[in-house]
Amino acid sequence: MAKVEDEVGRTALDDEVEPTAAAEIAAPPEILAESLGQYVRAWGRRVAGGESGALPVVFALVIIAVAFEIWTQGLFLSPQNLVNLFIESMVFMTLGMAEIFVLLLGEIDLSAGYILAVSAGVAGLLVQKPGPDWPWWLAIVTALVCSGVTGAVWGLLVSKLHLPSFVVTLAGLLIMWGVMLVMLGNAGEVSVASRILVNQHVLYQIVWGNIPPVAGWVGLAVLSLLFAGFTISRDFGRRRKGLVAPPPGLTILKIAFFVAAGIAVVAVCNVNRGSAVVVLAGVPWVVPIVLVVLLLWVVLLQRTKFGRYVYAIGGNPDAARRAGISLATVRTWAFALAGVTAGFSGILYLSWQGGTSTNVNGGQYVLYGVAAAVIGGTSLFGGRGKIAQAVLGGLVIGAIYNGLYLQGVQVQWQLIATGLVLVGAVLVDTLSRRGTLSGSATRI
Amino acid sequence: MSSAPGSESPTPGAPGSALVSPGTQPLLQLRGVDKHFGAVQALYHVDLDLPAAQVTALCGDNGAGKSVLTRCIAGIHQPDRGEILWSGKQVHLRGPRDAADLGIEVVYQDLALADNLDIVQNMFLGRERVHRGLLNEDSMERAAAETLRNLKVTTVRSIRQPVASLSGGQRQAVAVAKAVMWNSKLVLLDEPTAALGVVQTRMVLDLVRTLRDHGLGVMLVSHNLNDVFQVADRIAVLHLGRKVAEGPAADFDLQSVVEYMTTGSAHR
């Protein structure tokens, strides 16, 4: 296609409300640039124009890391603490992923935190002995199905009866809170920390079990090769066929970044964080498990019709309706998938805490989930965002949580700090929305 | 006044379509179409021919019934009486799908584009090509690029840029390209230049001519008479739900069209 400077479009832009540079800013640099240099320049213009992408969140992570590193006198970035941080962040990341499914539609799910609590309760109760003593995998599947069905019910109420999702899921929050209290009964807690009962132990090991260090490196090597092979064959293949493709330098850079991040994570996790006698090292199993879920959802949202329709509905519901898309079906499924993902974070929570109790603060967790999504760069107004953004956002939340805890800061200050970060993230979202053209159907 | 008694049930190809140059079967014919909503009569006995490879402009003041007529052809409204003939054969359009299946596409004034999706994604919205369950982006991108090339839409920098980053004329072009991608034979354009500046308007009118040169029938709904006289081969005027004039553009001038639009008749 013509990549020449366009006379017509350029002059005509002046007649309209949009600033002249808008077209250049809003177009992602990777589709316009022919070389890495052009890409960097286009990217710079975009950042200057307010469309900053992942930059603020990476920037925030660096500042948080440096600040806590100084404040805790080197404790924060120690391998042992970093592994803890990864583990804590997993729950926030997966809750963020859950929220992104509905945020992309311009909806919200306030019940996700208590879906997490109920899911943890279901899975925990099902592996009790004496008790049901179900196999661990069946307990997980049951918990996920319950969560998915719950989400689907909210979805049906929202899409068929046209109730606002805020109210439906607020009611859902209360209902699931109550359900959790009923489930856990008088004991008020359930444990999966047994080392003798296999089904409990497997659940426990999801977070606390480690991949042997050598296997971690092998796994990373395989993963890197797969990623590199896939990215190169796709990007270079498209380039060869004359389709829009990122500059070759960018493809290489992406792969290098992936490999570097992988090496950093594996290296940190493989440091012995036990003692000389009891060696404790390796990547926690939860890391690759969350990666698999992430990959599944990325494929679903970026590479299938369903995903395309989620974005279309979030961008312009009327256009989607006229294109023959069933809005109700897509919305219901999105809520169901948000439920499943929240349920999955419940499994991680159960494993992380070695059990669950009536003390789970689902209201706070769901806000952390929304915060993770929004901090990562997902828009509250629908249509804009990527599931992978929950990873960075979750890390930010996890880092604040972890750092303040490490420093012995009282919980009230943790809440205030997290709230401030959330406000900052929404501010960035709103400002970038105002600065660019995204999301507005009225502007012609 | 239209609705001459003889035009109630024309046999295909018969002189019922005398206004079209002989030998061409109009792509779409409306015969005596009535439409009312409750007590409001929106269309009275409207006859209209839309031939292939010609631009027919449908003019009329606000409330003249242009939108209702467009929606009847698009299958959104069903006429209360009268018939719609497609290539001479009577058809019943029960919904937009029926119209689309025949090859009738409508570009509405609001364009129905999702700003957050790119050009290719918008052009294939709802009709994505899928390969083993996954979207076949390569094939869709190639097809979209070819369609845009055929329509001589060369001003977009990349077909992977989000529609939000396009100018008004480019958005209109994408909406039109989206409409003609599907082997459509008749394209209805609803006020395509309403929100555009001078240069953008010229670009869209060029696009309309390209469509005609490709053999498509075009119905241009507009009350911008400058545009109408620039591209229309034929002009039809609605006044308060009745068709008051229809004929080759050469038979009209600016003043007569204005008179038809405002008073329903003209003194020539």
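Quick check on my filter: what residues within region A:298-321 are more than 7 Å from chain B (Cβ to nearest Cβ), within 23 Å of A:Ala390 (Cα to Cα) and surrounded by fewer than 19 Cβ atoms within 10 Å (Cβ to Cβ)?
Selection gives A:Val298, A:Val299, A:Leu300, A:Gln302, A:Phe306.
Name the single residue, out of those in region B:87-112 being among the hydrophobic types (A, V, I, L, M, F, W, C) and in a strand (DSSP E or B), that is surrounded by the most Cβ atoms within 10 Å (Cβ to Cβ). I'd like the intermediate steps shown before the answer.
We begin by selecting, within region B:87-112, every residue among the hydrophobic types (A, V, I, L, M, F, W, C); these are B:91, B:93, B:99-100, B:102, B:104, B:106-107, B:111-112.
Now narrow it down to the ones that are in a strand (DSSP E or B): B:91, B:104, B:106-107.
Values: B:Val91: 17, B:Ile104: 27, B:Val106: 25, B:Val107: 22.
Going through the qualifying residues, I end up with B:Ile104.
Could you list, in sequence order, the residues of region A:179-199 that are in a loop (DSSP other than H, G, I, E, B) and either surrounded by fewer than 22 Cβ atoms within 10 Å (Cβ to Cβ) or free of Cβ contacts under 8 Å to residues at least 12 places away in the same chain (or both)?
Of region A:179-199, the ones in a loop (DSSP other than H, G, I, E, B) are A:185-188, A:192-197.
Once the filter is applied, which keeps residues that are in a loop (DSSP other than H, G, I, E, B) and either surrounded by fewer than 22 Cβ atoms within 10 Å (Cβ to Cβ) or free of Cβ contacts under 8 Å to residues at least 12 places away in the same chain (or both), region A:179-199 yields A:Gly185, A:Asn186, A:Ala187, A:Gly188, A:Ala193, A:Ser194, A:Arg195, A:Ile196, A:Leu197.
Tell me whether region A:288-301 contains one or more residues that are modelled with pLDDT of 95 or more, β-branched (Val, Ile, Thr) and within 21 Å of A:Phe381 (Cβ to Cβ).
no
From A:Val266, A:Val259, A:Val290, grab the single residue that is surrounded by 17 or more Cβ atoms within 10 Å (Cβ to Cβ), in a helix (DSSP H, G or I) and in contact with a Phe, Trp or Tyr (Cβ under 7 Å, 6 or more places away or on another chain).
Values: A:Val259 fails: in contact with a Phe, Trp or Tyr (Cβ under 7 Å, 6 or more places away or on another chain); A:Val290 fails: in contact with a Phe, Trp or Tyr (Cβ under 7 Å, 6 or more places away or on another chain).
Result: A:Val266 is the single residue among A:Val266, A:Val259, A:Val290 that is surrounded by 17 or more Cβ atoms within 10 Å (Cβ to Cβ), in a helix (DSSP H, G or I) and in contact with a Phe, Trp or Tyr (Cβ under 7 Å, 6 or more places away or on another chain).
Given the conditions (1) of a type outside the set (Gly, Ala, Ser); (2) at pLDDT 95 or above; (3) under 27 Å from A:Ser147 (Cβ atoms), which single one is not true for A:Val218?
Unmet condition: (3).
Looking only at region A:217-241, filter to residues that are touching a helix residue (DSSP H, G or I) at 6+ places or on another chain (Cβ under 9 Å) and polar (S, T, N, Q); which one of those is farthest from the other protein chains (Cβ to nearest Cβ)?
Only one residue tops the list, namely A:Ser224.
Can you tell me which residue among A:Gly398, A:Gly408 is under 30 Å from A:Leu75 (Cβ atoms) and either outside any helix (DSSP H, G or I) or at pLDDT below 75 (or both)? Spell out how you get there, then give the answer.
Values: A:Gly398 fails: either outside any helix (DSSP H, G or I) or at pLDDT below 75 (or both).
Exactly one of A:Gly398, A:Gly408 is under 30 Å from A:Leu75 (Cβ atoms) and either outside any helix (DSSP H, G or I) or at pLDDT below 75 (or both), namely A:Gly408.
Confirm whether B:Ala112 is at the interface with chain A (Cβ under 7 Å from one of its Cβ atoms), of a type outside the set (D, E, K, R), at positive phi and touching a residue at least 12 places away in the same chain (Cβ under 8 Å).
Yes: the conditions hold for B:Ala112.
Condition first: among the β-branched types (Val, Ile, Thr) and assigned to a helix (DSSP H, G or I). Now tell me which residues in region B:219-255 satisfy that. Please lay out each step first, then the result.
Taking region B:219-255 first, the residues among the β-branched types (Val, Ile, Thr) are B:221, B:228, B:231, B:235, B:237, B:244.
Correct list: B:Val228, B:Val231.
Against the condition surrounded by fewer than 20 Cβ atoms within 10 Å (Cβ to Cβ) and under 30 Å from A:Ala260 (Cα atoms), how does A:Gly209 come out, does it pass?
Criteria met by A:Gly209.
Name every residue in region B:160-181 that is hydrophobic (A, V, I, L, M, F, W, C) and within 12 Å of another protein chain (Cβ to nearest Cβ), in order of residue number. Break it down stepwise before answering.
Let us first name the residues in region B:160-181 that are hydrophobic (A, V, I, L, M, F, W, C), namely B:163-164, B:166, B:173-177, B:179-181.
Passing the criteria: B:Val163, B:Ala164, B:Leu166, B:Ala173, B:Val174, B:Ala175, B:Ala179.
A:Gly74: modelled with pLDDT under 90, part of a loop (DSSP other than H, G, I, E, B) and over 30 Å from A:Phe236 (Cα atoms), yes or no?
Details: modelled with pLDDT under 90: yes; part of a loop (DSSP other than H, G, I, E, B): yes; over 30 Å from A:Phe236 (Cα atoms): yes.
So A:Gly74 passes the test.
Quick one: A:Gly354 ticks every box in (1) at pLDDT 90 or above; (2) under 25 Å from A:Ala261 (Cβ atoms); (3) of a type outside the set (Phe, Trp, Tyr) bar one, so which box is it?
Looking at each condition in turn, A:Gly354 falls short on (2).
In the list A:Leu75, A:Leu138, A:Leu156, which residue meets the criterion of being without any contact (Cβ under 8 Å) to a residue 60 or more places away in the chain, surrounded by fewer than 18 Cβ atoms within 10 Å (Cβ to Cβ) and out of contact with any strand residue (DSSP E or B) (no Cβ under 6 Å at 6 or more places or on another chain)? Let's see the steps before the verdict.
Numbers: A:Leu75 fails: without any contact (Cβ under 8 Å) to a residue 60 or more places away in the chain; A:Leu156 fails: without any contact (Cβ under 8 Å) to a residue 60 or more places away in the chain.
Answer to the selection: A:Leu138.
Just to be sure I understand the filter: pairs with C-beta atoms under 8 Å, separated by 6 or more residues or on different chains, first member in region B:188-203 and more than 8 Å from chain A (Cβ to nearest Cβ) and closer than 14 Å to B:Ala232 by Cα, second member of a type outside the set (A, V, I, L, M, F, W, C) and in a strand (DSSP E or B). Which pairs pass?
From region B:188-203, the pairs are B:Leu188/B:Glu105.
Going by the structure shown, is A:Val202 touching a residue at least 60 places away in the same chain (Cβ under 8 Å), crowded, with 18+ Cβ neighbours inside 10 Å, more than 29 Å from A:Val330 (Cα to Cα) and of a type outside the set (S, T, N, Q)? Steps first, please.
On the way: touching a residue at least 60 places away in the same chain (Cβ under 8 Å): yes; crowded, with 18+ Cβ neighbours inside 10 Å: yes; more than 29 Å from A:Val330 (Cα to Cα): yes; of a type outside the set (S, T, N, Q): yes.
When the stated conditions are applied, A:Val202 passes them.
Against the definition (more than 10 Å from chain A (Cβ to nearest Cβ) and on the phi > 0 side of the Ramachandran plot), how does B:Lys185 come out, yes or no? Show your work before the answer.
On the way: more than 10 Å from chain A (Cβ to nearest Cβ): yes; on the phi > 0 side of the Ramachandran plot: no.
It is false that B:Lys185 is more than 10 Å from chain A (Cβ to nearest Cβ) and on the phi > 0 side of the Ramachandran plot.
Assigned to a loop (DSSP other than H, G, I, E, B), at pLDDT below 95 and either farther than 12 Å from A:Val91 by Cα or more than 14 Å from chain B (Cβ to nearest Cβ) (or both): does that describe A:Gly324?
Working: assigned to a loop (DSSP other than H, G, I, E, B): yes; at pLDDT below 95: yes; either farther than 12 Å from A:Val91 by Cα or more than 14 Å from chain B (Cβ to nearest Cβ) (or both): yes.
Yes: the conditions hold for A:Gly324.
Residues in region B:142-149: is at least one more than 10 Å from chain A (Cβ to nearest Cβ), farther than 29 Å from B:Cys72 by Cα and of a type in the set (A, V, I, L, M)?
yes
Starting from region A:233-261, take each residue that is among the β-branched types (Val, Ile, Thr) and list its partners that are assigned to a helix (DSSP H, G or I) and exposed (fewer than 15 other Cβ atoms within 10 Å of the Cβ), counting only C-beta distances under 8 angstrom and pairs at least six apart or across chains.
Cβ pairs passing all conditions: A:Thr251/A:Phe236.
Please specify each residue of region A:159-174 satisfying the condition of being surrounded by fewer than 17 Cβ atoms within 10 Å (Cβ to Cβ) and in a helix (DSSP H, G or I). Outline the logic, then answer.
If we filter region A:159-174 for residues that are surrounded by fewer than 17 Cβ atoms within 10 Å (Cβ to Cβ), which is where we start, we get A:160-164, A:166-167, A:170-171, A:174.
Result: A:Lys160, A:Phe166, A:Val167, A:Leu170, A:Ala171, A:Leu174.
Select from region A:344-389 the residues that are closer than 23 Å to A:Val207 by Cα and part of a loop (DSSP other than H, G, I, E, B) and write down the one among them that is nearest to the other protein chains (Cβ to nearest Cβ).
Looking at residues that are closer than 23 Å to A:Val207 by Cα and part of a loop (DSSP other than H, G, I, E, B), I get A:Ile387.
The values are calculated or read from the model by the stated rules, or taken from the named source; none is laboratory data. The structure presented is a predicted model; accordingly, all values stated were derived computationally and were not measured. All Cβ positions, glycine included, derive from the backbone under ideal geometry; neighbour counts span all protein chains shown.
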